[in-house]
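Below is one structure; the comments refer to it alone.
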Amino acid sequence: QVQLVESGGGLVQVGGSLRLSCAASGSIFAIMGWYRQAPGKQRELVAHITIAGSTNYDDSVKGRFTISRDNAKNTVYLQMNSLKSDDTAVYYCAAARTTYGGRPAPAYWGQGTQVTVSS
């Protein structure tokens with residue numbers, strides 16, 4: 001039975017850092033990704049990583065966020081540095097076996113974790 005469990009969200013000041021974790025169980029996935037959804041906006045892809053370690057980032061977080069995974073632990077991380085108020089959102093972990101148009105096609109989602117950046 002596949003489950004994705006996120007942790008690490010919280011309240012942080014502008015310029016601060018947080019690290020999100022997503023522990024997967026039940027399967028190993030070729031692609032793991034982080035999405036976010038801000039109030040009144042659509043869910044957007046923040047970053048994703050393949051099982052071999054290749055990464056892709058949205059331009060809005062490039063240079064500030066780092067996605068990584070520990071395949072032995074079946075866990076994916078999102079290190080978030082230099083946080084801005086625009087980063088405030090619910091962050092979701094997603095797991096995919098395939099891509100569609102170069103983007104993950106998520107088969108499973110985590111429950112989401114709130115990240116709030118205050119100024």
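FYI, it's all coordinate maths here, none of it is from the lab. Everything numeric here is computed off the predicted structure, so don't read it as measured data. Neighbour counts are summed over all protein chains in view; Cβ atoms, including those assigned to glycine, are modelled from backbone coordinates with ideal geometry.
Picking from Gly40, Ser25, Val61, whose Cα lies most toward the positive end of the charge dipole for the chain (charges on Cβ: Lys, Arg +1; Asp, Glu -1)?
Ser25
At a 10 angstrom cut-off on C-beta neighbours, averaged per residue, how do the peptides 87-99, 60-72 rank from highest to lowest? Could the numbers behind the result be given before it?
Numbers: 87-99: 19.8, 60-72: 14.8.
Going from most to least packed, we get 87-99, 60-72.
With +1 on the Cβ of every Lys and Arg and -1 on the Cβ of every Asp and Glu, and nothing else charged, how large is the dipole of the chain about its Cα centre, in debye rounded to the nearest 20?
Working: 11 positive and 7 negative charges, 21 e Å.
With Lys and Arg at +1 and Asp and Glu at -1, about 100 debye.
Just to be sure I understand: if I project the alpha-carbon convex hull of the chain onto a plane and average over all orientations, what area do I get in nm²? Write down the numbers at each step before the final one.
On the way: hull surface 27.5 nm².
Averaging across all directions leaves 6.9 nm² for the Cα convex hull.
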